[in-house]
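First up is the structure itself, then whatever we jot down about it.
Throughout, read-outs are computed from the coordinates displayed, never taken from laboratory work. Note that the structure is a prediction, hence the values are computed from the model and not measured. Glycine also receives a Cβ, built like all others from the backbone with ideal geometry; neighbour counts cover every protein chain displayed.
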Amino acid sequence: MTVVKGEPAREGADGTGDMTRGGPDGDGYVPSERRLARERHRRARARRATAIAALSTLVTAALLYLVVVNAPGWPRTKETFLSAHYAREAFPKVLEGLWLNLRLLLVCGAAVLVLGMLIAIARTLRGPVFFPLRVLAAAYTDFFRGLPLIINLLIVVLGVPALRLQGVTVDPVLLGGTALTLTYSAYVAEVFRAGIESVHPSQRAAARSLGLTSRQALRHVVLPQAVRRQVPPLLNDLVSLQKDTGLVSIGGAVDAVRAADIIVGRSLNYTPYIVAGLVFVALTIPMTRFTDWVTARMDRRRVQGGSL
Amino acid sequence: MHPAPRTPRRAVAAVTVALLATAVGCAPQPEEEAAATSSGPAAKSCAKGKLATKETGKLTIATDEPAYEPWFKDDKPANGQGFESAVAYAVAKRLGYDKSAVVWQSVPFNKAFAPGVKSFDFDINQVSISDERKKAVDFSSGYYDVRQAVIALKGGTAAKARSIADLRKLKLGAQVGTTSLDYITDLVKPARQAAVFGKNDQAKSALKNRQVDAVVTDLPTAFYITAAEVTDAEIVGQFENQGGASEQFGLVLDKGSALTSCVTAAVDALREDGTLARIEKQWLSDAVDAPVLK
């Protein structure tokens with residue numbers, strides 16, 4: 001809808017842009033009758049498109065509303081999923097649980113980035129002496145990317161304490177965070193590796209020919225380009241991690257979803273789940289906008305030298 | 001470029017989609033005429049073996065999978081062994097359905113009370129009756145008076161607890177959606193946030209791993225866990241019923257189900273003629289000897 005609305009407007013803007021470029025002094029230019037007519041026509045089309053889009057949206061919304069509200073099960077569905085009473089009760093508890101999700105996200109997110117980068121570098125190291133390191137890194141990513149997260153969590157959260165090792169924590173949150181880091185660093189390592197491999201070999205060759213050592217070439221030439229390219233997929237994984245932090249509740253920790261679970265179990269009313277779901281969405285949206293902003297900024301920087 | 005001609009086509013498409021949704025969404029669902037049937041004379045609708053069940057001539061009973069002991073045996077609800085399996089078959093018999101007419105169905109706890117058309121006639125899954133839950137489902141009358149108990153590893157500090165005040169300092173755990181958890185939050189009010197597990201299995205592991213000091217479950221489950229599953233754990237004690245009223249397990253039926261009154265009548269009859277007491281004696285350990293925590 002926005003596209004339809006925007007297109008004619010943008011075209012109009014381009015037109016005026018051309019005109020100012022045509023006459024930088026701004027004197028003496030009088031748009032021709034034909035041009036004025038064309039612009040009038042375009043404005044009319046744009047108005048018409050907006051009106052039709054608005055009407056169609058309104059009709060669709062009204063129809064959807066009627067379909068849902070007139071469904072035979074609507075009163076009970078409304079009571080079960082959209083009860084204001086339970087929403088009010090659940091909201092503070094869900095927020096309390098969300099604090100755990102947020103802390104896990106920050107700590108695990110940082111750990112995942114560091115570990116993922118190290119694994120990616122290990123995997124892309126050249127030279128026969130690094131062969132065992134490459135194999136280990138490849139085995140790590142293969143294993144932890146394939147292992148379902150929930151099973152990884154079960155093993156780490158419930159299995160590790162069973163060993164009764166001295167000095168190893170039994171805290172389900174710390175253990176759960178470890179499991180999350182293990183799985184997500186495998187994903188992120190692959191993202192970084194793809195980034196590193198996407199840097200053209202000529203870049204490395206050029207760096208080496210300028211006298212940089214292999215390590216310097218990696219640090220100053222390859223990695224900056226690789227990381228910048230991979231920011232959107234990285235943030236994608238971060239959003240995904242944010243939602244998966246809730247799985248640590250397997251060890252008994254009360255996160256946002258488990259907090260909702262508790263109220264649902266007692267009342268047999270699903271509204272708390274809806275509340276928890278919306279809270280997660282509300283948390284994800286700023287992150288998605290942030291991703292968009294970062295990407296847009298990168299694009300702007302890349303074309304700074306001027307684009308053709 | 002002329003984008004305008006595309007717009008009406010999109011509008012048409014949107015309206016078509018909406019209309020299709022209307023057509024599909026409004027197709028009448030096979031809603032039960034629950035209100036009509038249940039308002040009719042109870043005696044007539046409770047005719048033996050001729051209830052308005054999901055499948056005519058069959059009684060569909062639901063429980064979660066896996067089905068835990070001592071409520072079921074060997075995870076096979078259909079074998080008639082274990083307390084709830086025996087109760088289910090006794091209720092079925094009372095309603096006029098013999099063993100071959102009973103169909104078991106595995107329904108997760110969360111799904112058993114979802115609104116919408118139910119796939120079972122009643123659900124038996126250690127569900128405690130409460131006024132709050134009655135807003136979402138129908139319950140039969142209670143078939144078992146349940147008490148909550150605390151289990152802890154032998155020899156630990158938790159095992160020495162003699163009162164609710166002693167429990168307050170401990171890290172407690174319970175399964176989500178259970179009254180056991182309500183006892184922790186409402187009665188014990190521990191200093192540290194209680195661990196809440198998705199399943200009792202995870203609570204048991206956490207107890208073994210010393211991630212929690214003590215776990216609260218219903219008393220028969222506590223007996224089973226300490227006797228068969230975590231043998232180095234013991235029952236610390238049981239709670240008195242909160243607010244004096246006894247907590248009861250009930251059979252879960254769809255809200256407004258036509259069968260509720262019949263099933264309730266069957267459970268009441270089984271209680272009166274001593275069948276429930278006999279089944280309880282056969283399958284559940286004698287619960288008297290657990291000390292009461294005050």
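Annotation: B:Ser180 fulfils all but one of (1) crowded, with 16+ Cβ neighbours inside 10 Å; (2) within 14 Å of another protein chain (Cβ to nearest Cβ); (3) farther than 21 Å from A:Asp261 by Cβ; the unmet one is (3).
For segment A:49-77, a residue qualifies if it is more than 9 Å from chain B (Cβ to nearest Cβ), more than 31 Å from the chain's Cα centre (by Cα) and under 30 Å from A:Ala260 (Cβ atoms), and the qualifying residues are A:Val69, A:Trp74, A:Pro75. Scanning segment B:183-198 for residues that are surrounded by fewer than 21 Cβ atoms within 10 Å (Cβ to Cβ), in a helix (DSSP H, G or I), within 13 Å of chain A (Cβ to nearest Cβ) and under 22 Å from the mean Cα position of the chain (by Cα) turns up at least one hit. Would you point out the residue of segment A:250-287, among those that are of a type in the set (S, T, N, Q) and under 16 Å from B:Thr178 (Cα atoms), that is surrounded by the most Cβ atoms within 10 Å (Cβ to Cβ)? Applying the filter and picking the extreme gives A:Asn269. Among the residues making up segment B:89-117, those that are touching a Leu at 6+ places or on another chain (Cβ under 9 Å), in a loop (DSSP other than H, G, I, E, B) and more than 12 Å from chain A (Cβ to nearest Cβ) are B:Leu95, B:Gly96, B:Tyr97.
The conditions of being more than 13 Å from every other protein chain (Cβ to nearest Cβ), free of Cβ contacts under 8 Å to residues at least 24 places away in the same chain and not hydrophobic (A, V, I, L, M, F, W, C) are met by B:Arg168. Selection over segment A:126-178 of residues that are out of contact with any Cys (no Cβ under 6 Å at 6 or more places or on another chain), closer than 30 Å to B:Asp213 by Cβ and touching a residue at least 60 places away in the same chain (Cβ under 8 Å) gives a count of 10.
For segment A:244-269, what are the residues that are in contact with a Phe, Trp or Tyr (Cβ under 6 Å, 6 or more places away or on another chain) and either on the phi > 0 side of the Ramachandran plot or away from chain B (no Cβ under 14 Å) (or both)? Residues satisfying the conditions are A:Gly252, A:Leu268.
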